[in-house]
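Following: one structure in structure tokens, then a few remarks.
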Amino acid sequence: MATQDVHAATLDHAHAAGHGHDHHDDHDEHHEQSFIRKYVFSEDHKIIAKQFLITGLLWALLGGALSMLFRLQLGFPNMDWTWLKPVLGNWIVDNKLDPNFYLAMVTMHGTIMVFFVLTAGLSGTFSNFLIPLQVGARDMASGFLNMLSYWFFFISSALMLISLFIETGPASGGWVIYPPLSALPQAMPGSGMGMTLWLTSMAIFIASSLLGSINYISTVINLRTRGMTFTRMPLTIWAFFLTAVIGILSFPVLFSAALLLIFDRSFGTSFYLSEIYINGQPLDNMGGSPILFQHLFWFLGHPEVYIVLLPALGITSEVIATMSRKPIFGYRAMIGSMIVIAFLSFIVWAHHMFVTGMNPFLGTIFMFLTLIIAVPSAVKAFNYITTLWRGNIIFTPAMLFSIGLVSLFISGGLTGIALGNSAIDIQLHDTYFVVAHFHLVMGSASFFGMMAGVYHWFPKMFGRMMNEKLGYIHFWMTFAGVYLVFFPMHYIGISGFPRRYYSFTSYDTFNMYQDLNSFISVAAIITFSSQLIFGFNFFYSIFRGRRATQNPWLSNSLEWTAPINAGHGNWVGAIPNVYRWPYDYSKPGHALDYIPQNVPHWETVESNLDHENDLIAFEREMEAEALADPQSAH
Amino acid sequence: MKSDTTANYQQPYDGALVTEEAAPVLSMHPKKFLMWLIIVSSIMVFAAFTSAYLVRRGEGNWLTFELPPIFYISSVVIVLSSVTMHWAYYSASKDNLLSLKIAILLTAVLGLLFTYMQVQGWQQLVDVGVYFGGKDSNPAGSFVYVLTAVHIGHLALAFGLLVIILYRVFTYQVHAKNLAAIEICTTFWHFLGAMWLYLFVFLLVNH
Ligand code: HEM
Ligand SMILES: [Cu+2]
């Protein structure tokens with residue numbers, strides 16, 4: 001794998017290294033920023049990205065640890081929990097896990113993973129880090145709002161974390177918080193203070209996510225560098241952009257839904273509540289509709305799964321093309337399919353509600369729309385595979401995780417097609433089959449995308465390389481691990497075992513999968529442990545990793561033309577102009593197997609196609625214009 | 001602010017540089033664009049409420065009642081405030097600082113008056129026995145409270161912007177060559193006026 005570290009010496013694109021080195025120490029000192037402004041309340045998109053990343057990784061650790069605990073319960077229902085008493089305290093009752101806490105952990109695991117890790121940790125990190133660097137901007141449209149976005153996320157995180165430690169426990173009604181369970185504090189301990197904290201935390205989270213998204217959109221639309229047309233943007237940018245669009249259209253709806261729930265809980269309204277008896281006593285609430293909540297929730301909930309997945313797909317496109325040393329196959333088809341997916345994601349939400357008593361005719365319409373999503377998804381899967389096909393593949397850890405993502409996306413997507421059929425879903429709804437489906441296609445696939453992103457852009461973020469050997473170990477253990485964990489769940493689900501049950505062993509009839517459940521738990525623990533290898537590698541490499549070269553993967557996109565440890569403003573001197581798309585890998589006729597985006601066509605006559613030669617005159621003009629007036633708009 | 005931009009990128013940070021150096025591809029001012037995106041997401045908030053309203057109404061058990069009469073007057077007031085807001089913007093673009101100050105202050109007063117009237121509207125609802133919550137409430141009534149309250153919540157944000165503008169007007173930072181801030185504020189103010197009119201008509205048609 002020596003190819004990766006080809007040194008700057010082999011770069012003939014010398015101007016990729018940036019200009020203006022002679023300005024170096026003109027007048028640095030008196031502008032030195034305080035530590036607080038630089039690393040805490042920073043407005044620099046790169047610092048904010050790292051803040052999101054590290055917070056997200058810590059959340060992933062906690063969310064994963066919770067899943068270890070409930071997997072212990074599911075795999076070993078007769079286990080003696082005394083040894084965990086120091087950690088869990090009163091949640092251990094008579095050497096057993098308190099069932100309420102089981103539900104709390106499942107709920108928190110889902111909330112943490114979906115929102116805090118795979119939305120904030122993934123989108124927040126890579127949209128922030130890559131958008132300005134890859135479109136050629138100094139920073140986000142508003143650094144201030146961007147900073148607010150992180151700190152709102154931080155406050156929301158703190159509230160959610162606190163809720164884990166209160167006496168009645170955190171929210172426990174599932175990450176989808178359906179009322180009436182979540183609306184009535186009498187219903188379960190977790191619906192008291194824990195639910196209040198959940199709702200407050202999520203309201204702030206939504207604000208954070210909106211602030212982030214409007215910034216991403218505005219930056220992509222308004223701050224691209226000269227020559228960076230929409231059809232020259234890396235697919236990462238397209239993915240982040242569409243994710244943000246989905247975000248600003250769907251998160252506000254969750255906000256509305258949550259607000260009505262807050263009113264039902266605390267102000268005696270009855271938006272979601274009607275005709276409820278508790279201990280034989282009727283409640284005052286009349287006239288509400290719990291199904292209404294489900295509609296509002298899934299109007300966010302379904303787009304949310306694509307908010308989680310699209311950035312991962314974008315990262316994969318970039319990594320697969322770079323590491324196959326081939327242009328991405330079907331660049332425009334990739335954009336088109338992402339747009340179609342983004343659009344469809346708004347009109348399929350009711351496939352989560354087939355069994356709510358919905359009119360079967362309406363169900364059929366939603367089934368039809370749902371199944372259409374398979375088409376753009378398949379387009380993407382095929383394009384990844386055809387890009388890999390006969391490529392000059394370099395198996396870096398990032399590349400392995402990207403290929404792993406494609407595999408998971410396919411195997412999880414197939415079960416989606418089964419679930420999308422309303423008739424089949426009657427059997428499968430709320431069973432472990434659904435759990436298997438979305439953990440493969442959303443959980444694991446997006447997590448793989450995030451890992452690919454971290455391994456790939458680590459050198460750009462920290463100026464150092466991660467250790468590859470550890471990366472391989474991490475990948476293979478995780479890859480084998482997630483399949484061993486989630487594949488067997490399909491069988492458990494098909495035989496009708498419901499999700500969110502504390503235990504199946506009270507009746508002998510339901511004991512049949514106990515051995516399989518133990519197997520899954522062991523596999524899960526091994527998979528989780530291998531993430532610790534990653535954690536070590538990550539933090540160790542930040543300080544001790546091998547120093548990175550400027551463009552370690554010989555990649556075409558603009559971020560690699562910025563200095564290794566780019567300061568605020570990203571480029572020293574002028575922002576590079578863009579003359580071509582980012583996927584000129586192995587272009588016939590060119591001496592090297594890559595041509596960065598900022599290399600004009602007049603420097604590559606030997607590999608130009610006819611229409612590219614025609615561009616030269618125009619490019620000369622553009623360059624002259626840029627030299628004459630580096631500040632001007634274009 | 002610095003004018004010497006290119007030489008300074010070695011410095012860790014200088015906020016002024018960033019805004020100057022960004023080379024916009026579209027001609028839209030990025031901050032104005034941000035405001036439009038904020039408007040889009042707040043449209044989604046109200047779209048969610050009004051569609052929830054329709055879905056819930058379709059399920060029956062729905063209280064019908066007359067909307068508070070004061071809402072007619074408050075609608076006029078908020079339209080007037082939009083007019084004065086626009087007047088303020090116009091005055092700024094003509095560098096007419098005196099009428100700019102008057103117009104901004106008038107806008108603020110009309111905005112407060114509108115808010116007061118909305119709250120009076122709640123009182124009128126209570127008087128006819130339409131409650132927000134509790135035993136005798138019905139979602140039909142609760143929705144009216146929620147819609148008006150969330151609208152007022154947005155208005156509070158707009159007041160925040162207005163105060164910033166007010167400060168800038170009195171420190172001479174708003175004038176014909178520096179219109180972005182007041183333009184952003186105007187856009188949001190008009191949006192909130194239009195949003196109230198939409199909500200009012202929606203409630204009139206669907207109650
Ligand atoms: C061909 C594409 C897909 C189809 C047809 C599909 C279909 C479905 C259906 C019908 C359900 C509801 C099952 C039930 O609760 O009974 C479901 C659940 C789910 N899907 Fe998919 N899906 C697809 C792809 C995806 C993707 C790409 C993601 C995420 C990135 C995803 C994430 C989820 C999640 C998170 C749930 C479960 C939510 C919950 O109940 O907690 N799906 N899917
Ligand atoms: Cu869905």
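Observations on the model:
- Scanning region B:30-45 for residues that are among the aromatic types (Phe, Trp, Tyr) and at the interface with another protein chain (Cβ under 8 Å from one of its Cβ atoms) turns up just one, B:Phe33.
- Residue within region A:389-408 that is closer than 25 Å to A:Ile246 by Cα and either charged (D, E, K, R) or near ligand 1 (Cβ under 8 Å from one of its atoms) (or both) present: no
- Some residue of region A:491-500 being small (Gly, Ala, Ser) and closer than 25 Å to A:Gly535 by Cα: no
- All of A:Ala452, A:Ala445, A:Ala436 fail the test of being away from ligand 2 (no atom under 14 Å from the Cβ), of a type outside the set (S, T, N, Q) and over 12 Å from the mean Cα position of the chain (by Cα), apart from A:Ala436.
- Residues of region A:285-305 that turn out to be open to solvent by 40 Å² or more (accessible area, probe 1.4 Å) and away from ligand 1 (no atom under 16 Å from the Cβ), as a count: 1
- The set of residues in region B:142-154 that are facing chain A (nearest Cβ under 9 Å) and either open to solvent by less than 10 Å² (accessible area, probe 1.4 Å) or aliphatic (A, V, I, L, M) (or both) comprises B:Ser142, B:Phe143, B:Val146, B:Val150.
- Residues of region A:110-145 satisfying the condition of being more than 16 Å from A:Thr243 (Cβ to Cβ), more than 9 Å from chain B (Cβ to nearest Cβ) and polar (S, T, N, Q): A:Thr111
- Qualifying residue in region A:223-241 (condition: over 19 Å from the mean Cα position of the chain (by Cα), under 26 Å from A:Ile291 (Cβ atoms) and of a type in the set (Val, Ile, Thr)): no
- A:Thr505 at negative phi, modelled with pLDDT under 95 and assigned to a helix (DSSP H, G or I): no
- Residues that are modelled with pLDDT under 95, part of a helix (DSSP H, G or I), facing chain B (nearest Cβ under 7 Å) and open to solvent by 10 Å² or more (accessible area, probe 1.4 Å), drawn from region A:221-254: A:Ile221
- Top-ranked residue of region A:291-303 - restricted to ones that are under 15 Å from A:Phe115 (Cβ atoms) and modelled with pLDDT under 95, ranked as nearest to the other protein chains (Cβ to nearest Cβ): A:Leu300
- Qualifying residues in region B:118-141 (those that are touching a Phe, Trp or Tyr at 6+ places or on another chain (Cβ under 7 Å) and open to solvent by 30 Å² or more (accessible area, probe 1.4 Å)) - the one farthest from the other protein chains (Cβ to nearest Cβ): B:Val128
- Residues that are more than 37 Å from the chain's Cα centre (by Cα) and open to solvent by 10 Å² or more (accessible area, probe 1.4 Å) within region A:592-607 comprise A:Trp602, A:Glu603, A:Val605, A:Glu606, listed in sequence order.
- Taking the numbered list (1) buried (at least 24 other Cβ atoms within 10 Å of the Cβ); (2) more than 9 Å from chain B (Cβ to nearest Cβ) in turn, A:Ser218 passes all entries but (2).
- Residues of region B:46-63 that are more than 8 Å from every other protein chain (Cβ to nearest Cβ), without any contact (Cβ under 8 Å) to a residue 60 or more places away in the chain and under 15 Å from A:Val253 (Cα atoms): B:Ser51 alone.
- Subset tally (residues that are part of a helix (DSSP H, G or I) and either at positive phi or open to solvent by less than 20 Å² (accessible area, probe 1.4 Å) (or both)) for region A:378-414: 17
- Selection of region A:68-83 for residues being in a helix (DSSP H, G or I) and open to solvent by less than 20 Å² (accessible area, probe 1.4 Å) yields A:Arg71, A:Gln73, A:Leu74, A:Gly75.
- Qualifying positions in region A:350-367 - within 11 Å of ligand 1 (Cβ to nearest atom), at pLDDT 95 or above and either open to solvent by 40 Å² or more (accessible area, probe 1.4 Å) or under 28 Å from A:Asn383 (Cβ atoms) (or both): A:His351, A:His352, A:Phe366, A:Met367
- Of the listed requirements (1) without any contact (Cβ under 8 Å) to a residue 60 or more places away in the chain; (2) open to solvent by less than 30 Å² (accessible area, probe 1.4 Å), A:Trp457 misses just one: (1).
- Across region A:346-366, the qualifying residues are those that are away from chain B (no Cβ under 14 Å) and within 21 Å of A:Ile246 (Cα to Cα), and the one among them that is farthest from ligand 2 (Cβ to nearest atom) is A:Phe366.
- Residues (open to solvent by 10 Å² or more (accessible area, probe 1.4 Å) and within 16 Å of ligand 1 (Cβ to nearest atom)) located in region A:318-341: A:Ile339, A:Val340
- Filter pass, A:Pro282 being within 16 Å of ligand 1 (Cβ to nearest atom), open to solvent by 30 Å² or more (accessible area, probe 1.4 Å) and more than 7 Å from every other protein chain (Cβ to nearest Cβ): no
The values are calculated or read from the model by the stated rules, or taken from the named source; none is laboratory data. In this text, all values refer to a predicted model and were calculated from it rather than measured experimentally. Virtual Cβ from ideal backbone geometry, glycine too; neighbours counted across all protein chains shown. Ligands, DNA and RNA are excluded from the accessible area calculation, which covers all protein heavy atoms including side chains. Shrake-Rupley method; radii C 1.70, N 1.55, O 1.52, S 1.80 Å.
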